[in-house]
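Here is the structure we will look at.
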Amino acid sequence: MRIERNGAIAALHGHCRVEDAETLAALLWEGSVTTLDLSGCDSLHGAVVQAILAFQPSVVGSPGDEFLKQHLVPALARRATAD
Amino acid sequence: MIDELLAQFLIEGREQALEAGADLAALQRGPADPARLDRCFRAVHTLKGSADLLGLTPMGRVLHAAEDVLGRLRGGQGEGGDFSVLLEVADQVERWLDDLDTVGVLPESASAASQALIARLAGDGAAPQVAAADDWDGASAFPGRAGVAIRYRPRADGYFAGDDPIAIIKAVPDLAQLRVSLAEPVADPALYDPFRCTLVIEALSTAALPAVETALRLVRDQVALATLRAAEAFAPAGVEVETARRTLRIDAARVDQLADLSDQLVVAKGGLIELAAQAERGGDGQALGQALRAKQAELDRLVAALHTTVGQARMTPLAPLLGRFPRLVREIAATLGKPAALEIEGGEVEVDKAVVDGLFEPLLHLLRNALDHGVERPEARTAAGKPAQALVRLSARTVGDQAVIEVVDDGAGVDPARVRDRAVARGLIDATSAEAMSDAALVDLIFLPGFSTAETVSSVSGRGVGMDAVRAAVTRLGGRVEIDSRPGLGTTVRLALPIRMVLAKLLVVESAGERFGLPLDGVAEIARVPADRIFPIRAGRAFVLRDEVVPLVDLAQALGAEAGPSSDRVVVAGVGGEPVGFAVDAVVERIDAVVRPMAGLLAGARGVSGSTLTADGSVMLVLDLAELLA
Amino acid sequence: MVATVLIVDDSKLARIVVGKAIAALQPDWRRLEAGGADEALALFENEAIDLVILDFNMPGRDGLELAEELRGRFADLPIAVATANVQDEIIARARAANAAFIAKPVSEEGLRGFISGAALRLRSAGR
């Protein structure tokens with residue numbers, strides 16, 4: 001996983017693996033990132049998904065991977081706005 | 001032949017599994033009870049024999065292992081044994097019976113599940129971290145959808161074992177929907193543990209069940225699956241809900257009675273043929289009329305007897321229905337992390353089969369609600385001075401011609417202020433009228449359609465199926481729902497249901513220009529009360545009937561119409577054990593009629609218990625006098 | 001951190017394949033090899049082994065039997081069983097022994113979940 005910061009937006013790139021969950025959770029807890037751009041993601045591990053659900057940043061972006069684009073990112077976006 | 005055996009096994013096996021489950025639960029809670037242990041051993045032994053006979057190998061094997069454990073306990077070895085794994089075996093057998101009932105075979109996962117349970121019965125292997133709620137209600141999670149509904153709750157240490165739940169769900173073929181959520185909210189972000197898995201994944205696949213099972217086989221113990229057919233998806237209010245299980249066990253004596261009645265009907269029909277022949281020959285009109293009247297009386301008697309006997313044959317005890325809930329409540333409580341005990345009473349109460357069949361969904365919903373929204377978290381309970389383990393009671397009793405079923409929890413009760421705010425926010429009532437409402441009236445608002453939607457969603461209570469669906473389902477069965485909440489002490493939801501749906505004897509009266517049916521069994525007598533015998537008493541009027549002062553109510557006024565022209569006809573009916581006189585314009589006739597519960601707009605009308613079609617095809621309302629005066 | 005991983009397979013070729021995949025994921029880890037259950041158990045006497053990858057199909061004691069024996073001795077040891085043929089009965093036994101599955105032929109991708117999970121566990125045990 002590579003993280004690209006642009007103000008309150010953080011863009012995640014590549015494969016976000018289990019060990020990346022800790023980095024991401026720390027980033028989101030610190031509070032200055034309010035939006036995640038998932039356009040550049042190739043995969044998201046369950047632990048990373050869980051960190052997003054736990055800290056509820058806004059989720060944007062349309063990744064290239066079909067599963068991410070069709071199912072996972074919309075599911076995360078729904079949760080982030082529903083609560 | 002196998003089908004016949006299987007059908008029988010589905011009936012008997014379920015009873016034995018329920019019995020074993022109930023005994024094991026009692027043994028786990030309570031002191032050693034050799035009689036219970038014996039009974040449980042026998043039930044498991046019989047189940048094992050039947051499973052072997054039907055070639056249900058995984059079921060037979062695990063039951064064999066369970067029988068061994070019970071045998072040792074019975075022999076006094078392993079005093080005070082651990083019944084929790086045995087209870088899981090009983091629960092698993094019940095789930096397999098459900099599978100056999102719906103698809104006719106054990107699921108592919110059966111042998112793995114069987115092996116795992118056998119290993120745990122033998123004492124090796126730890127308990128699974130999460131009990132997969134196999135009875136999770138897939139239909140309400142994906143209303144109106146067809147396919148295989150999946151609920152995947154990975155074990156808490158799954159990340160360490162190398163599992164990636166997202167990759168696993170991604171491998172499921174033909175995904176149509178996906179939802180991700182957390183099993184518990186993050187209490188303190190500073191203490192957030194990124195590697196303790198709390199994910200809950202719900203998904204819908206349009207692939208066939210075996211394909212989905214194959215994709216999830218490595219985590220099958222953490223997954224609940226439900227096959228949804230579009231017709232089975234939870235129907236919106238107002239649509240008939242068809243239940244899957246339509247088998248009915250009937251006492252042999254009742255079947256004999258039915259056969260006897262049908263023989264008599266055949267004979268009576270033969271008599272009509274003879275009379276028709278006489279009429280054709282141009283016989284004596286008056287004699288023919290008398291003969292026809294006699295035949296009609298005989299047919300009347302037979303039809304009424306047939307109706308009654310069929311009604312009795314349809315009467316079935318609530319025990320098998322109520323017995324399905326202990327396991328479900330255990331699983332729901334485990335999912336929510338709220339320890340709870342379920343007490344069940346009144347399984348012997350007999351109710352019409354149609355009523356029993358329609359009660360599973362509403363009761364399951366009420367129990368879920370009680371655990372999810374009623375019962376507080378254990379810490380909060382302890383802080384409030386309550387035992388950490390919640391108590392939920394599901395009880396049934398007979399009151400007159402009704403079965404009263406209550407779901408009582410000892411939770412926090414319903415907060416009227418929160419209900420009011422929500423109802424106003426949702427535009428169900430306006431703020432001014434909300435201010436004027438009593439607490440009880442406010443709490444009753446939770447039954448309004450649209451009250452419980454997305455916001456109350458949790459993994460247990462499901463989505464979009466609220467208390468309005470419960471009220472609609474109960475109303476369809478001709479019943480009523482009431483809620484009674486005591487803040488801090490708990491909530492009682494009471495269902496009052498008709499015991500039987502057969503011919504009711506009605507007294508037809510006229511009031512305010514309309515005809516109404518009054519249930520004849522509530523009517524004590526019809527009296528003539530001249531105006532000069534009526535005197536004012538407190539706010540109303542009364543008359544003296546055989547030295548007893550009886551309050552007098554004008555039926556038209558009670559119905560909200562203008563008082564009619566004075567007539568001296570008074571129907572005296574018992575209301576709450578006391579006689580009350582109802583002044584009517586006229587008493588028309590007595591009839592036998594099938595009373596249907598009210599639906600649609602009039603469903604909530606006060607004092608109306610149902611409707612019936614009259615001979616001329618018009619609809620006549622049937623009144624509930626007690627409710628009319630309440 | 002440096003961990004020691006034991007690869008147990010009766011085929012030398014298979015051990016090389018697994019070793020390369022581990023090297024790609026965790027270049028620093030120390031790799032030990034054993035050609036069978038007895039040799040593996042002997043290694044445990046002298047080495048501090050942090051995780052094991054066992055071939056299911058081995059002559060003598062198979063991978064699951066070895067997994068069950070190791071689990072009896074090391075409650076927290078991350079164990080993976082590599083197999084091409086996953087039957088329900090094997091799943092149940094592996095689950096009872098708390099062992100993970102790795103698909104054969106073993107690849108870097110196939111190994112990643114188990115290796116990163118084990119790394120997490122070792123790290124959290126270390127801190």
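The values are calculated or read from the model by the stated rules, or taken from the named source; none is laboratory data. All values reported here derive from a predicted model rather than from experimental measurement. With ideal geometry, Cβ positions are generated from the backbone for all residues, glycine too; neighbour counts draw on all protein chains shown. Quick note on the areas: whole protein, heavy atoms, side chains included, nothing else; ligands and nucleic acids left out. Shrake-Rupley method; radii C 1.70, N 1.55, O 1.52, S 1.80 Å.
Of all residues being open to solvent by less than 40 Å² (accessible area, probe 1.4 Å) and closer than 22 Å to C:I102 by Cβ in segment B:169-191, which is farthest from the other protein chains (Cβ to nearest Cβ)? Just the residue, please.
So the residue we want is B:V172.
Tell me which residues, restricted to segment C:63-106, are among the aromatic types (F, W, Y) and over 21 Å from C:G19 (Cα atoms).
Once the filter is applied, which keeps residues that are among the aromatic types (F, W, Y) and over 21 Å from C:G19 (Cα atoms), segment C:63-106 yields only C:F74.
Six or more apart or on different chains, Cβ under 9 Å: which pairs go from a residue in segment B:210-230 that's over 15 Å from C:V86 (Cα atoms) to one that's basic (K, R) and in a helix (DSSP H, G or I)? Could you list them?
These pairs meet every condition: B:D221/C:R95.
Any chance you could count how many residues in segment C:95-127 are touching a Ser or Thr at 6+ places or on another chain (Cβ under 9 Å) and more than 7 Å from chain B (Cβ to nearest Cβ)?
Final tally of qualifying residues: 3.
Say whether the condition of being open to solvent by less than 60 Å² (accessible area, probe 1.4 Å) and either out of contact with any helix residue (DSSP H, G or I) (no Cβ under 7 Å at 6 or more places or on another chain) or not in a helix (DSSP H, G or I) (or both) is met by at least one residue in segment B:20-28.
No: segment B:20-28 contains no residue that is open to solvent by less than 60 Å² (accessible area, probe 1.4 Å) and either out of contact with any helix residue (DSSP H, G or I) (no Cβ under 7 Å at 6 or more places or on another chain) or not in a helix (DSSP H, G or I) (or both).
For every residue, the table says whether it meets (1) touching a strand residue (DSSP E or B) at 6+ places or on another chain (Cβ under 6 Å); (2) closer than 22 Å to B:A22 by Cβ; (3) not charged (D, E, K, R).
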site	(1), (2), (3)
B:E350	yes, yes, no
B:R368	no, yes, no
B:R393	yes, yes, no
B:D401	no, no, no
B:E406	yes, yes, no
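Among the candidates B:G49, B:G71, B:G13, which residue alone is at pLDDT 85 or above and part of a helix (DSSP H, G or I)?
B:G13
Could you check segment B:505-568 for strands (runs of 3 or more DSSP E) lying wholly inside it with 2 or more residues that are under 34 Å from the mean Cα position of the chain (by Cα)?
Ranges flagged: B:514-519, B:523-528.
For the condition assigned by TED's automatic domain parsing to the domain that holds B:G358 and either of a type in the set (G, A, S) or free of Cβ contacts under 8 Å to residues at least 12 places away in the same chain (or both), what is the one hit in B:G513, B:G517, B:G540, B:G479?
B:G479
Which residue, of B:A403, B:A423, is at pLDDT 90 or above, open to solvent by less than 40 Å² (accessible area, probe 1.4 Å) and over 28 Å from B:P339 (Cβ atoms)?
Answer to the selection: B:A403.
Tally the residues that are modelled with pLDDT of 85 or more and open to solvent by 40 Å² or more (accessible area, probe 1.4 Å), restricting the search to segment B:442-457.
1
Is there any pair with a first residue in segment A:4-19 that is within 14 Å of another protein chain (Cβ to nearest Cβ) and a second that is among the aromatic types (F, W, Y) and buried (at least 19 other Cβ atoms within 10 Å of the Cβ) whose Cβ atoms are under 6 Å apart and which are 6 or more apart or on different chains, and what are they?
Here the result reads A:V18/B:Y159, each pair linking segment A:4-19 to a residue that is among the aromatic types (F, W, Y) and buried (at least 19 other Cβ atoms within 10 Å of the Cβ).
Could you check, for segment A:21-30, whether at least one of its residues is within 10 Å of the chain's Cα centre (by Cα), open to solvent by 10 Å² or more (accessible area, probe 1.4 Å), modelled with pLDDT of 90 or more and more than 9 Å from every other protein chain (Cβ to nearest Cβ)?
No, that holds for no residue.
Determine whether B:A207 is open to solvent by 10 Å² or more (accessible area, probe 1.4 Å) and either within 14 Å of chain C (Cβ to nearest Cβ) or assigned to a loop (DSSP other than H, G, I, E, B) (or both).
yes
Here are B:L199, B:L228: which of them is modelled with pLDDT of 90 or more and crowded, with 20+ Cβ neighbours inside 10 Å?
B:L199
Quick one: which of B:A539, B:A561 is modelled with pLDDT under 85 and open to solvent by 60 Å² or more (accessible area, probe 1.4 Å)?
B:A539
Looking only at helices (runs of 4 or more DSSP H) that fall completely inside segment C:32-123, which ones have 3 or more residues that are farther than 22 Å from C:V2 by Cα and open to solvent by less than 20 Å² (accessible area, probe 1.4 Å)?
Hits in segment C:32-123: C:63-73, C:88-96.
Looking only at segment C:4-21, count every residue that is touching a strand residue (DSSP E or B) at 6+ places or on another chain (Cβ under 6 Å) and of a type outside the set (S, T, N, Q) and tell me the total.
8
Any idea how many residues of segment B:355-398 are open to solvent by 30 Å² or more (accessible area, probe 1.4 Å), under 14 Å from the mean Cα position of the chain (by Cα) and of a type in the set (A, V, I, L, M)?
Looking only at that region, the number is 0.
Look through segment A:35-82, keep the residues that are of a type in the set (V, I, T) and open to solvent by 30 Å² or more (accessible area, probe 1.4 Å), and return whichever of them is nearest to the other protein chains (Cβ to nearest Cβ).
Result: A:T81.
I'd like the residue in segment B:302-351 that is closer than 27 Å to B:E88 by Cβ and β-branched (V, I, T) and, out of all such residues, is modelled with the lowest pLDDT.
By that ranking, first place goes to B:T335.
Please specify each residue of segment B:143-157 satisfying the condition of being among the hydrophobic types (A, V, I, L, M, F, W, C) and farther than 23 Å from C:G117 by Cβ.
Those that are among the hydrophobic types (A, V, I, L, M, F, W, C) and farther than 23 Å from C:G117 by Cβ: B:A146, B:V148, B:A149.
How many of the residues making up segment B:140-168 are within 14 Å of chain C (Cβ to nearest Cβ) and under 30 Å from B:H365 (Cα atoms)?
Total meeting the criteria: 5.
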